[in-house]
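Worksheet: one structure, shown below.
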Amino acid sequence: MSFIPIVLLWEGFFGLRKILLTGGAGFIGSHVAERLCGAFPGAEVVILDKMTYAADYSYITDLVTQGQAKLVVGDVCDYELCNRLASGCDLVIHAAAESHVDRSFRSSILFTQTNTLGTHTVLEACRSAGVPRIIHVSTDEVYGEVLAGDCIETQFLNPTNPYSSSKAAAEMVVSGYLHSFKLPIITVRANNIFGIRQYPEKLIPRAIMSLIAGNKIPLHGNGANIRHYLSAHDFADALVLLIEKGIPGEAYNIGSPDEYANKFVVEMICREFGADFEASVEMVQDRPFNDRRYSISWKKISELGWEPRRSLLKELPRIIKWYRDNSNHIMGKLVFD
């Protein structure tokens, strides 16, 4: 996305009084909520979440009971609600989304409603409320398949599945609000994010929970598809940096050097469990289209002082322990499909 930056620098900003975070009771959102409460202890943090299958109140219970955050259950497509919550906000972070690619093939209209119309609704509420700072959370998947090299932020968007298409469409709405209304929006596009609390439909938690349950791990195709993996904590750190130093109108890639084939990731998990890969994995039919590789350059945000500090290899034992410790709770709401 190319845009002439609005003349408004956030560097050194520290006066946040009210923050609205959409999707804050989910995997990524709960990590962002924790980081916001830690970085801006004087701010009122309002979490708007629809509380779908991937969200869990337990992820933010401590923040709410300690008075650090407030949960409002609702839909980002509800304009009246978004408008009310955006009123008086110094910052809105829009992280709510349907994000599982497999589900997008079966429920593509839902993805467009939540990811595209939901973004439009949130931005219109921000425009009406005069919100001075907005961060829109997108994905590296909007660039499409990248077989060689890295994508920079000005790369054309080339989505290849219903999920990434709905996120790219949301970015077109963002572009319209940047140019027409000069809305102070920063867009972030991150790699695959890993960590605790991720619903077991994505590769890492699904593999872990499959082994805990004594089931075989389903692995798409031949397992050769390549992804980069970024820590949820590093992602949250990047957002806090952009709150202070990001330039409205700009997009920032948030990436990691951890690049692995899906098969290798599953092999790592099997080793941690002491399980035999061949006996523990079931090769299943691939997606209708499965991008072979994504890759982004994060030079732009690194020049502001951010670098990824956590690696999947080192974090994996801690993540597995969390799923073991919480397996009964997760199993109670889990549906393998």
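The values are calculated or read from the model by the stated rules, or taken from the named source; none is laboratory data. Computed from a prediction, not measured in an experiment: that's the story for all the values here. Cβ: placed from backbone, ideal geometry, glycine included. Neighbour counts: every protein chain shown.
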If you scan region 122-143, which residues turn out to be farther than 18 Å from I254 by Cβ and under 17 Å from the mean Cα position of the chain (by Cα)? V122
I'd like to verify a number: residues in region 50-84 that are assigned to a helix (DSSP H, G or I), over 25 Å from S327 (Cβ atoms) and polar (S, T, N, Q), how many? 1
Here is a check on your reading of the model: is T116 under 23 Å from E171 (Cα atoms), modelled with pLDDT of 95 or more and either of a type in the set (S, T, N, Q) or in contact with a Ser or Thr (Cβ under 7 Å, 6 or more places away or on another chain) (or both)? yes
Would region 202-218 turn up any residue that is more than 30 Å from M283 (Cα to Cα) and either free of Cβ contacts under 8 Å to residues at least 60 places away in the same chain or of a type in the set (A, V, I, L, M) (or both)? no
Do the conditions hold for L71, that is, is it touching a residue at least 40 places away in the same chain (Cβ under 8 Å), more than 30 Å from N290 (Cα to Cα) and surrounded by 21 or more Cβ atoms within 10 Å (Cβ to Cβ)? no
If only one of A275, A238 is touching a helix residue (DSSP H, G or I) at 6+ places or on another chain (Cβ under 8 Å), assigned to a loop (DSSP other than H, G, I, E, B) and either without any contact (Cβ under 8 Å) to a residue 12 or more places away in the chain or under 26 Å from R197 (Cβ atoms) (or both), which one is it? A275
Contacts under 7 angstrom Cβ, first residue in region 185-199 being within 15 Å of M209 (Cα to Cα), partner outside any strand (DSSP E or B) and at pLDDT below 95, 6 or more apart: Y199/Y53; Y199/A54
Criterion first (surrounded by fewer than 22 Cβ atoms within 10 Å (Cβ to Cβ), in contact with a Pro (Cβ under 8 Å, 6 or more places away or on another chain) and among the charged types (D, E, K, R)) does E272 satisfy it? yes
Please count how many residues of region 149-166 are touching a residue at least 40 places away in the same chain (Cβ under 8 Å) and in contact with a strand residue (DSSP E or B) (Cβ under 9 Å, 6 or more places away or on another chain). 5
Considering only helices (runs of 4 or more DSSP H) wholly within region 99-211, the ones with at least 2 residues that are surrounded by 18 or more Cβ atoms within 10 Å (Cβ to Cβ) are 101-106, 118-129, 162-181
For region 296-337, name all the residues that are of a type in the set (G, A, S) and in a helix (DSSP H, G or I). S302, S327, G332
What residue, of I93, I28, I60, is crowded, with 19+ Cβ neighbours inside 10 Å and over 21 Å from K167 (Cβ atoms)? I60
Given the conditions (1) surrounded by fewer than 17 Cβ atoms within 10 Å (Cβ to Cβ); (2) at pLDDT below 95; (3) hydroxyl-bearing (S, T, Y); (4) over 23 Å from L178 (Cβ atoms), and given that S2 satisfies all but one, which numbered condition is not satisfied? (4)
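Conditions tested, residue by residue: (1) under 19 Å from the mean Cα position of the chain (by Cα); (2) touching a residue at least 24 places away in the same chain (Cβ under 8 Å); (3) surrounded by fewer than 24 Cβ atoms within 10 Å (Cβ to Cβ).
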{"site": "L16", "(1), (2), (3)": "no, yes, yes"}
{"site": "G42", "(1), (2), (3)": "no, yes, yes"}
{"site": "I47", "(1), (2), (3)": "yes, yes, no"}
{"site": "K50", "(1), (2), (3)": "yes, yes, yes"}
Show the residue pairs meeting these rules: Cβ distance below 8 Å; 6+ apart or different chains; first residue within region 126-137 and closer than 15 Å to E80 by Cβ; second residue among the hydroxyl-bearing types (S, T, Y) and in a loop (DSSP other than H, G, I, E, B). A129/S87
Residue list for region 281-305, filter: among the small types (G, A, S), surrounded by fewer than 20 Cβ atoms within 10 Å (Cβ to Cβ) and either in contact (Cβ under 8 Å) with a residue 24 or more places away in the chain or in contact with a helix residue (DSSP H, G or I) (Cβ under 8 Å, 6 or more places away or on another chain) (or both): S297, G305
